[in-house]
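Data first, discussion second: the structure below is written as structure tokens.
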Amino acid sequence: MKLSVNLNKIALLRNSRGSNNPSLKAFAEHSIALGVDGLTLHPRPDHRHATSNDALIISDLCKEHSLEFNLEGNPFSEPENDFLGFYNICIEAKPEQITLVPDAQSQITSDNGWEAGFRINELESFMEKIKDLDCRTSLFINADIESVEFASTMNFDRIEIYTGPFAEACLNETNQLSTISSQIQNVISRAEELNLGINAGHDLSLENIGALKKCGHVNEVSIGHAIMTDSLKYGFESTIMQYIKIIRE
């Protein structure tokens, strides 16, 4: 399992003061120096946190260090004010991985996966347009078999399992944990049968990564919010090292 650090919350904190403090690039460089496997950004049209320019800067930085840059976003987000549009960001940043997420601009965070068949003609068109980038593609999905099979039909390289419900069940130790864990296990098994890589993300933390690993092989996890909140308790460097340890052990 590999760790990609999502830096959106660093950008959010920076934007709250209208300056470059904290520096997104500095925290990206620090993460790289600590040995993470990749960096993730999810710029949204309102630039509430990561901006279009941030994506270009972090992508260049990752290339300098032979590290994976994972660009997340809604493929149908058009240019608006300073937002370049998701497709244009893909073309300029040339990320190593593009993760498509069906988030609406009004959503606070990505809280659901791509439904099988959703805007399929437009999705096919987008996939065709980015084919020449020769990057890995991943579809953010709910933990259900139909979505895995849809991702395979659409020729994605990987899926990213939305782990919000799983994290909630872990936090509250509800009876739903066994059911949700079983669903994730089934999704992982089906993805492997279809030769799809497996990513996971949303509300993963030091407390629940161990439980996720018991569900089966996951190639990569993308974590941002929990890393930043844990950094308030342990400090950024200590937090990153704790995540690296539990993910790789």
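Observations on the model:
- Of the chymotrypsin sites (Phe, Trp or Tyr not before Pro) found in the range 1-110, none is in coil by DSSP with at most 10 other Cβ atoms within 10 Å of its Cβ.
- Distance between the pseudo-spin-label points of residue 214 and residue 153 (7 Å out from Cα toward the beta carbon): 3.4 nm.
- Label-point separation, residue 193 to residue 65 (7 Å along Cα→Cβ), nm: 4.0 nm
- Annotation: aspartates and glutamates with alpha-carbon distance below 15 angstrom to residue 131 (same-chain offsets under eight excluded): 92, 96, 122, 157.
- With contacts taken as Cα pairs under 8 Å at a separation of at least 6 residues, the range 1-158 carries a relative contact order of 17 percent.
- At R0 = 22 Å, FRET efficiency that the Cβ-Cβ distance of residue 92 and residue 25 yields, to 0.05: 0.85
- Loop-located GluC sites (Glu not before Pro) in the range 177-242 (DSSP state not H, G, I, E or B) with no more than 14 neighbouring Cβ atoms inside 10 Å: 207.
- Neighbour-count ranking [beta-carbon atoms within 10 angstrom, fewest first] of 246, 141: 246, 141
- Extension reserve of the residue 238-residue 17 stretch, reckoned as 0.36 nm per residue once the Cα distance is removed: 77.0 nm
- Environment charge of residue 70, counting only residues whose C-beta is closer than 11 Å and scoring Lys/Arg +1, Asp/Glu -1: -3
- Residue with peak Gaussian network fluctuation, the chain [Cα springs, cutoff 10 Å], from 78, 29, 128: 128
- D (Stokes-Einstein, µm²/s), Kirkwood Cα radius, the chain, 1.306 mPa s at 10 °C: 87 µm²/s
- Helices in the chain that qualify as membrane-span-like (whole DSSP H runs, Cα extent of at least 20 Å along the helix axis, mean Kyte-Doolittle hydropathy of 1.6 or higher) do not occur.
- In sequence order, calculated HN-Hα J values of the range 205-218 (Karplus, 6.51, -1.76, 1.60; Hz; x Gly/Pro): 8, 4, 7, 10, 4, x, 5, 5, 4, 6, 7, x, 6, 10
- For the options 82, 103, 60, a Gaussian network treatment of the chain with springs between C-alpha atoms closer than 10 Å singles out 82 as fluctuating the most.
- Antiparallel content of DSSP bridges confined to the chain, in %, to 5: 5 percent
- For the chain, modelled as a GNM whose springs connect Cα atoms under 10 angstrom apart, the maximal fluctuation among 191, 11, 33 occurs at 33.
- Here the extension length gained between residue 185 and residue 125 equals 18.5 nm, from 0.36 nm per residue of separation less the Cα-Cα distance.
We did not get these values from a lab; they are worked out from the coordinates using the rules stated. Since the structure is predicted, the reported quantities are computational estimates derived from the model, not experimental observations. Virtual Cβ from ideal backbone geometry, glycine too; neighbours counted across all protein chains shown.
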